[in-house]
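Undergrad: Take this structure first; my questions come after.
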Amino acid sequence: MSFNSFGRVFRFTTWGESHGPALGAVVDGCPPGLTLSEADIQPWLDKRRPGTSRFTTQRQEPDQVRILSGTFEGRTTGTPISLMIDNVDQRSKDYSEVAVSYRPGHADYAYDAKYGFRDPRGGGRSSARETAARVAAGGVARLVIPEVRIRAYLVELGGDRIDPAAYDDAQIDANPFFCPDAAAAARWEAILDATRKAGSSVGAVVECVADGVSAGWGAPLYAKLDSELAAACMSINAVKGVEIGDGFAAARLTGEQNADPMRPGPDGRPIFLANHAGGVAGGIATGQPVVVRVALKPTSSILTPVETITRDGAASEIRTKGRHDPCVGIRAVPVVEAMVALVLADQKLLQRAQVG
C-alpha cells in the first residue's frame, strides 16, 4: 500500500514524478472563502526553485503553479484544490546507468525490493522534485494560519555552524544559503565551491521557528503537535533527524536546567523565562515559539565512483551523472517551512473542530 497523503482535517495528496510531464498536489479540507490565486503560492515556489545559484542543481524549472480547481472568483470554495506544476527540463538520458545499477544512499534498491519495478529517471517518485508539490500545498496552508509567522534558515552546512549571537533575520534572504549569519554564509561559499570541485556533497541542518501558534493547538498522546511536526519533517527527502526545542541536547541537562520557568503575565497568561521544550508540552502548544530542527544527509548523487551492485546482483561501481545539489539542505528550507505550515493549519482546524 502506498501513502501519498498527509493531514487529518486539512489534508493534502501529492502526485507526479521527477521526469514525468508534471507534478502537483490536491489540497482537501481548506475552509471556504479564503482569497487564493497563483500569486499567493508562487513566491514560496520561487524560494525552492532550482538553478537560482551555483550552489544548487542547474536544472532549469520555472515551477509555475496552476490552480485547476477549488476556487471561484478568486476565493476557495471548500472543495478540493488541485495544483499543477509542469516539468520542462528533464534529461532522462543522464540516468541510463541508474536503470542497471543501484545508487548507494538513494531509494533505488528499496523501491525495487518493495515494488519489483521502479522509475530510474531522477529517482521517479522518490526524487526531491516531489517537494515542489508540498511547497505549493504549503502556500495554501499559510492562508489558513495568517496569525502565524514561519521562518526557516540554515544553521549548519558541512559541519560548520552559525554563531547564534550573529543571527540577523535580514541576512536570511540576502544570500543563497538562507543563512542568518553573514560570516558563516561567506565560509559556506568556500566550502561548497570545494565540494563541487571534488565531485562530492555535504549535509546541513535547517531550523524553523513558528511564532504566533496559539496555546492549546495539538493533542495528547497520539496526535501530539510535536509528533505531527516530526513526522511531517521526517517525510522530506534526505532528512535523517528531527528535533523539537533542545532535542537531543535536553538529554544532557538537569531537571532545573531543562525547565521552562513561568511568571504571571499581565493578561493572566504565563510569561515563560525559557523555551527548552520548543513551544510544545504534552503534545500541546504552550503559546511560545514552536522550534523545529531538521538534519539532512549529504546528497547521494555524487561524481565520485561508489561501489554498488546491479539489478542482477553483480558487483559494480557507479558515478552519478546529471545535475544535482551539492547540498540538498539549501533548497530544503522552504520545504521545511511548507511542512510546518501544513501541520499547523491542520492543528488549527482540529482545535476548532473539538473545542470551538
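The values are calculated or read from the model by the stated rules, or taken from the named source; none is laboratory data. Just so you know, these numbers come straight off a predicted model, no measurement behind them. Reconstructed Cβ throughout: ideal geometry from the backbone, glycine too, with neighbour counts over all protein chains shown. Heavy atoms of the whole protein, side chains included, go into the accessibility calculation; ligands, DNA and RNA do not. Shrake-Rupley method; radii C 1.70, N 1.55, O 1.52, S 1.80 Å.
Undergrad: Do we find a residue being open to solvent by less than 40 Å² (accessible area, probe 1.4 Å), at pLDDT 90 or above and in contact with a helix residue (DSSP H, G or I) (Cβ under 7 Å, 6 or more places away or on another chain) anywhere in region 107-122?
TA: No, that holds for no residue.
Undergrad: Right, residue 317: among the acidic types (Asp, Glu) and open to solvent by 10 Å² or more (accessible area, probe 1.4 Å) or not?
TA: It is true that residue 317 is among the acidic types (Asp, Glu) and open to solvent by 10 Å² or more (accessible area, probe 1.4 Å).
Here's the yes/no breakdown for (1) farther than 30 Å from residue 41 by Cα; (2) at pLDDT below 95:
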position: 246; (1), (2): yes, no
position: 250; (1), (2): yes, no
position: 272; (1), (2): yes, no
position: 297; (1), (2): no, no
position: 305; (1), (2): yes, yes
position: 319; (1), (2): yes, yes
position: 336; (1), (2): no, no
position: 342; (1), (2): no, no
position: 351; (1), (2): no, no
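Undergrad: Sticking with this structure for a sec: Quickly run through region 259-292 and pick out the residues that are in contact (Cβ under 8 Å) with a residue 24 or more places away in the chain, touching a Gly at 6+ places or on another chain (Cβ under 6 Å) and open to solvent by 30 Å² or more (accessible area, probe 1.4 Å).
TA: Listed by number, the residues that qualify are 276, 277, 284, 286, 289.
Undergrad: Looking at 141, 136, 165, 110, can you tell me which residue is farther than 25 Å from residue 13 by Cα and assigned to a helix (DSSP H, G or I)?
TA: Of the residues listed, the single one that is farther than 25 Å from residue 13 by Cα and assigned to a helix (DSSP H, G or I) is 165.
Undergrad: Of the residues 214, 200, 227, which is open to solvent by 40 Å² or more (accessible area, probe 1.4 Å) and either closer than 15 Å to residue 298 by Cβ or of a type in the set (Lys, Arg) (or both)?
TA: 200
Undergrad: Which of (1) open to solvent by 50 Å² or more (accessible area, probe 1.4 Å); (2) at negative phi does residue 159 not meet, given it meets every other one?
TA: (2)
Undergrad: Now for a different question. Can you find, within region 321-334, the residue that is modelled with the lowest pLDDT among those that are farther than 30 Å from residue 7 by Cβ and charged (D, E, K, R)?
TA: Step by step, filter region 321-334, then rank; the result is 323.
Undergrad: While we're on this one: Looking for something aliphatic (A, V, I, L, M) and assigned to a helix (DSSP H, G or I) - is there at least one such residue anywhere in region 259-271?
TA: no
Undergrad: Take residue 295 and decide whether it is touching a residue at least 40 places away in the same chain (Cβ under 8 Å) and small (Gly, Ala, Ser). Spell out how you get there, then give the answer.
TA: Values: touching a residue at least 40 places away in the same chain (Cβ under 8 Å): yes; small (Gly, Ala, Ser): yes.
In short, yes.
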